[in-house]
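Worksheet: one structure, shown below.
Laboratory data are not the source of any read-out in this text; all were calculated from the coordinates shown. Worth saying up front: this structure is predicted, and the values here are computed from it rather than measured. Cβ atoms come from the backbone with ideal geometry, glycine included; neighbour counts cover every protein chain shown.
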Number of protein chains: 2
Amino acid sequence: MGYALLDLTTDPPRLLAHGLVETPRLGSAAEKLLAIADAIDALIAAHEPAFFALERLYFNKNVRTAMAVAEARGVALVCGARAGLAIAEYTPQEVKQSVTGSGGADKRAIQRMIVHILELPEPVTQDNVADAIAIALTHAQRVKFTAAVASAK
Amino acid sequence: MGYALLDLTTDPPRLLAHGLVETPRLGSAAEKLLAIADAIDALIAAHEPAFFALERLYFNKNVRTAMAVAEARGVALVCGARAGLAIAEYTPQEVKQSVTGSGGADKRAIQRMIVHILELPEPVTQDNVADAIAIALTHAQRVKFTAAVASAK
């Protein structure tokens, strides 16, 4: 599971942390899920974010994969809710639209735009991490848009 | 989500607690999952069980329902793992086989056998609660069988 933390007080937002949550490769489902919960709890404690955005459940063609993703999503949602964070969810299409301007963008296009928008020193090559950054960026753009609409009233 | 706690030191096992975890009907998915996590944590803290058994994921025909069940399962697994409990999972068929002797038993047969085996003063009419009791009873029978095999060696 990829993660990314953005500082929205700068323009462009600053990428504070990103990476993959490590899970015990040979562990049981419960041990893997606990590792995810502990990692998310630790990230929230360390960075004290105000928002918590994640991918809205997509229906994977592989049922077993879809179930494992749903289990991890449930765990992540509880971590966010328990910390009192405002939770947002975006479909892959919403993320592509927000980051690249096209809902049909491919992974390479998203990776290029992340580097461009956030002025990163090097590309992010792991798909799950790039996805996490794109989701955080999507929420950053939503927050900025909402604030702009509110101040224009 | 139904739950049941059995005391395995008596014969038959004594039903210590059973019921449905209440979730806010109008809450978000995250709020509902947090209510489930808090309820399971409270039950574990109150009863300090040694084992934690739950239904192995079945593939519901309704994909949306299956995803919601998987999210709740992930949350429950983390509660059990975080408390250091031994976790067991049983398919609906294993539960039916164990409780009634037939993997094709219907819900009425399971409810009758629960009342009979556990010598309950009244029937359990809610399906999710009856299922939870049946899962706990399945694990109780497994624990007793394992202990019997070990002592016969």
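Worth pointing out:
- Fraction of alpha-carbon pairs over 22 Å apart in chain A - percent: 41
- Label points for A:His116 are taken 7 Å from Cα along Cα→Cβ. From this copy to the others they lie 7.0 nm apart, shortest first.
- Under a model in which nothing but the beta-carbon of Lys, Arg (+1) and Asp, Glu (-1) is charged, the protein assembly as shown shows a dipole of about 780 debye around its Cα centre.
- The modelled label-to-label distance for the pair B:Val63/B:Ala88, using points 7 Å beyond Cα in the direction of Cβ, is 3.5 nm.
- Per-copy distances of the A:Leu16 label point, shortest first, in nm (7 angstrom along Cα→Cβ): 4.1
- Relative contact order for the stretch A:2-152: 27 percent, from Cα pairs under 8 Å spaced at least 6 residues apart, divided by residue count.
- Net charge dipole size for chain A [Lys, Arg +1 and Asp, Glu -1 on Cβ; Debye, nearest 20]: 460
- Principal-axis tilt of helix A:63-82 within chain A, Cα atoms, nearest 10 degrees: 70
- A point 7 Å from Cα along Cα→Cβ stands in for A:Gln141, and the other copies hold the same point at 5.6 nm, listed in rising order.
- Computed helical MRE - 222 nm, chain A, DSSP H runs ≥ 4 contributing -39500 (n - 2.57), nearest 500: -19000 deg cm²/dmol
- The distance separating the Cα centre of the stretch A:1-65 from that of the stretch B:32-77 comes to 20 Å.
- Net charge in the neighbourhood of B:Ala81 (other residues with Cβ under 15 Å of its Cβ; Lys, Arg +1, Asp, Glu -1) is -3.
- Peptide-level mean, for B:83-90, of C-beta atoms on other protein chains within 10 Å: 1
- Semi-axis lengths (Å, descending) of the ellipsoid that matches the C-alpha gyration tensor of the protein assembly as shown: 44, 19, 18
- Cα-based Kirkwood hydrodynamic radius, the stretch B:107-153, one decimal, Å: 11.6
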